[in-house]
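> After the structure tokens below, expect a handful of questions from me.
The values are calculated or read from the model by the stated rules, or taken from the named source; none is laboratory data. Model, not experiment: these values are computed from the prediction. All Cβ positions, even for glycine, are placed from backbone atoms using ideal geometry, and neighbour counts span all protein chains on display. Only protein heavy atoms, including side chains, enter the accessible area calculation; ligands, DNA and RNA are left aside. Shrake-Rupley method; radii C 1.70, N 1.55, O 1.52, S 1.80 Å.
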Amino acid sequence: MEIALIFLSAVFVNNFVLVRFLGICPFMGVSRQIETSLGMGLATTFVMVVASTVSWLIQNFILAPYNLPYLQNVAFILVIASMVQLVEMFINKASPSLYKAMGIFLPLITTNCAILGMALLLVMRSYSFGHSIIFGLGAGVGFTLALVLLAGIREELEFADIPDALKGAGIAFIIAGLLSMAFGGFAGLV
Amino acid sequence: MDSTLIALVSMGFLGAVFAAGLAVASKKFAVDVNPQVAEVEEALPGINCGACGYGGCSSFAEAVVSGEAAPNGCPVGGSDVARELCRILGIELDGKGQRVIAQVLCKGGQEEAVEQSTYQGPRDCRIAHMIGGHKGCGYGCLGLGTCVDTCPFEAMAMSDNGLPVIYEDKCTGCGNCVRACPRDIIVLAGDEYGVHIRCRSLAKGKPTRDACSVGCIACRRCVKECPVSAITVEDNLARIDYDLCINCRKCAAVCPMNTIDIQDEKPVLKKKRSEV
């Protein structure tokens with residue numbers, strides 16, 4: 001039951017993008033097409049799951065026993081950066097077109113604050129090992145969900161009659177704000 | 001001291017583990033790249049400035065190899081890099097395989113051109129042009145520096161005589177000034193060409209001479225003198241075809257109005273590039 005709560009909370013109630021406002025850069029940058037946003041979401045989810053696992057291990061076997069909490073940021077960023085490198089190599093091998101479509105935003109997953117935020121949160125909340133992985137998975141799924149939702153709407157917007165002043169980024173920000181308010185409706189669910 | 005040592009060792013250990021993992025992964029997920037792309041990238045300046053319109057030197061290299069971008073697309077490398085890229089790709093350089101830079105086709109500054117009125121409006125050529133301009137010549141440079149304002153590379157400045165000057169070493173041929181000029185006075189030409197007919201006046205000889213002491217009066221002496229038929233006169237204005245010009249400077253020697261300008265530092269071209 002607690003596992004389901006952690007997962008749903010990370011996906012909906014405290015969605016990293018739409019409620020916590022973390023990782024807005026790829027949220028606006030890679031949400032033009034559903035396909036690329038799905039790829040971006042999956043890549044980020046993978047990094048989040050691995051990062052949550054490794055961060056937990058580092059926190060509980062290195063940082064906590066040796067009293068090095070001040071190294072949290074450095075250690076976690078190290079984990080995230082390495083994982084992003086791995087994902088980048090894998091995607092370049094597996095799907096060059098996806099690699100091209102994601103462009104600069106793929107290496108920028110490293111600096112996606114949603115991932116570091118997730119790693120710091122799971123330490124702050126002293127989750128168990130299993131719960132950390134579920135939390136990472138939920139955060140990733142929530143991130144993917146937000147990206148795909150916005151991408152779906154933006155694809156439809158291509159055909160809409162938008163006032164000149166709002167075309168492009170302007171309307172995307174408004175839609176993102178509306179989505180965020182909609183997710184506010186989940187507050188208090190868990 | 002002890003905790004510092006622990007911190008160093010633990011972070012060093014983590015870094016080593018991840019580095020080893022990535023080294024293995026980079027072998028496993030290695031992607032075969034076209035060796036030409038690597039060679040092209042090697043020949044490029046490698047500063048990733050983005051002036052070519054691509055994300056960086058590596059994406060420009062890919063575009064060049066795939067034929068999407070022209071080998072002379074790198075404004076920073078100029079004609080040397082363009083030649084090198086053509087050698088790598090085994091393709092011929094045509095007349096356009098060189099760096100382009102902006103040329104100002106008007107010599108009528110404050111000293112040479114007659115002013116018919118005093119302009120006190122906004123310092124913008126486009127606005128001055130809308131009300132007809134303040135110069136006797138309806139085709140000449142208005143001298144308000146709109147082109148200089150739009151230059152993103154600080155490659156232009158206004159001279160004391162009220163004409164834009166182009167610093168050719170800084171010019172990247174981006175064409176911003178060409179688009180900004182309401183009178184189409186600025187054109188892009190290959191950086192090898194050193195002979196320019198600096199006039200845009202379509203007026204007949206007499207009104208042109210009345211308005212400006214260096215305007216083209218369409219006397220056709222340059223047309224007769226040119227050994228490669230690069231100059232033609234159309235609508236009362238001599239025009240030079242840079243693709244044909246060989247910088248021989250014979251036209252400039254006979255021009256009675258001194259409209260034709262030579263840049264001494266640019267050597268005479270023995271042969272056209274397309275013939276090499």
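> Among the residues of region A:158-190, write down those that are part of a helix (DSSP H, G or I) and surrounded by 15 or more Cβ atoms within 10 Å (Cβ to Cβ).
From region A:158-190, those part of a helix (DSSP H, G or I) are A:164-166, A:169-184; that's our starting set.
Once the filter is applied, which keeps residues that are part of a helix (DSSP H, G or I) and surrounded by 15 or more Cβ atoms within 10 Å (Cβ to Cβ), region A:158-190 yields A:ILE171, A:ALA172, A:ILE175, A:ALA176, A:LEU179, A:SER180, A:PHE183.
> Considering every residue within region A:33-45, establish whether at least one is closer than 25 Å to A:GLU155 by Cβ and not in a helix (DSSP H, G or I).
Step one: of region A:33-45, the residues closer than 25 Å to A:GLU155 by Cβ are A:33-45.
Next, from what is left, pick out any that are not in a helix (DSSP H, G or I): A:33.
So far as region A:33-45 goes, yes, one or more of its residues are closer than 25 Å to A:GLU155 by Cβ and not in a helix (DSSP H, G or I).
> Can you spot a residue in region B:193-209 that is within 20 Å of B:GLY78 (Cα to Cα) and not aliphatic (A, V, I, L, M)? Full working, then the answer.
If we filter region B:193-209 for residues that are within 20 Å of B:GLY78 (Cα to Cα), which is where we start, we get B:193-195.
Pick out the ones that are also not aliphatic (A, V, I, L, M) and you get B:193-194.
Scanning region B:193-209, I find at least one residue that is within 20 Å of B:GLY78 (Cα to Cα) and not aliphatic (A, V, I, L, M), so the answer is yes.
> Identify all residues within region B:154-167 that are within 15 Å of B:VAL178 (Cα to Cα) and surrounded by 15 or more Cβ atoms within 10 Å (Cβ to Cβ); write none if there are none.
B:ALA155, B:MET156, B:LEU163, B:PRO164, B:ILE166, listed by residue number.
> I need the full set of residues from region B:258-269 which are more than 20 Å from B:ARG99 (Cα to Cα) and surrounded by fewer than 18 Cβ atoms within 10 Å (Cβ to Cβ), in order please.
Answer for region B:258-269, where residues must be more than 20 Å from B:ARG99 (Cα to Cα) and surrounded by fewer than 18 Cβ atoms within 10 Å (Cβ to Cβ): just B:ASN258.
Table: residues versus (1) closer than 30 Å to B:LEU269 by Cα; (2) outside the structural domain of B:ASN258 (by TED's automatic domain parsing).
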residue: B:ILE47; (1), (2): no, yes
residue: B:GLY53; (1), (2): no, yes
residue: B:ALA70; (1), (2): yes, yes
residue: B:CYS74; (1), (2): yes, yes
residue: B:GLY78; (1), (2): yes, yes
residue: B:GLY108; (1), (2): yes, no
residue: B:VAL114; (1), (2): no, no
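> Condition (residue is within 19 Å of the chain's Cα centre (by Cα), modelled with pLDDT under 85, within 14 Å of chain A (Cβ to nearest Cβ) and buried (at least 19 other Cβ atoms within 10 Å of the Cβ)) applied to region B:42-61: is it met by at least one residue?
yes
> Output the number of the condition that B:ALA25 fails; it satisfies all remaining conditions of (1) closer than 30 Å to B:CYS181 by Cβ; (2) out of contact with any Pro (no Cβ under 6 Å at 6 or more places or on another chain); (3) among the aliphatic types (A, V, I, L, M).
B:ALA25 satisfies every listed condition except (1).
> Here's something else I'd like to know. Return the total of residues in region B:4-30 being at the interface with chain A (Cβ under 8 Å from one of its Cβ atoms) and within 16 Å of A:TYR70 (Cα to Cα).
Here the count works out to 5.
> Right, next: Has region A:28-37 got any residue that is of a type in the set (Ser, Thr, Tyr), open to solvent by 10 Å² or more (accessible area, probe 1.4 Å) and modelled with pLDDT under 90? Walk me through how you get there before you give the answer.
Within region A:28-37, the subset of a type in the set (Ser, Thr, Tyr) is A:31, A:36-37.
Add one more test, that the residue is open to solvent by 10 Å² or more (accessible area, probe 1.4 Å), and what stays is A:36.
Filter again for modelled with pLDDT under 90, leaving A:36.
Yes: one or more hits.
> Which ones in region A:64-102 are in a helix (DSSP H, G or I) and within 7 Å of chain B (Cβ to nearest Cβ)?
A:LEU71, A:VAL74, A:ALA75, A:LEU78, A:SER82, A:GLN85, A:LEU86, A:MET89, A:PHE90, A:ASN92, A:LYS93
> Quick one: in region B:179-213, of everything that is of a type in the set (Ser, Thr, Tyr) and not in a helix (DSSP H, G or I), which residue is modelled with the lowest pLDDT?
In this case the residue turns out to be B:TYR193.
> Pick out the one residue from A:LEU106, A:LEU120, A:LEU150 that is open to solvent by 40 Å² or more (accessible area, probe 1.4 Å) and out of contact with any strand residue (DSSP E or B) (no Cβ under 9 Å at 6 or more places or on another chain). Break it down into steps so the answer makes sense when it comes.
Values: A:LEU106 fails: open to solvent by 40 Å² or more (accessible area, probe 1.4 Å); A:LEU150 fails: open to solvent by 40 Å² or more (accessible area, probe 1.4 Å).
The unique qualifying residue is A:LEU120.
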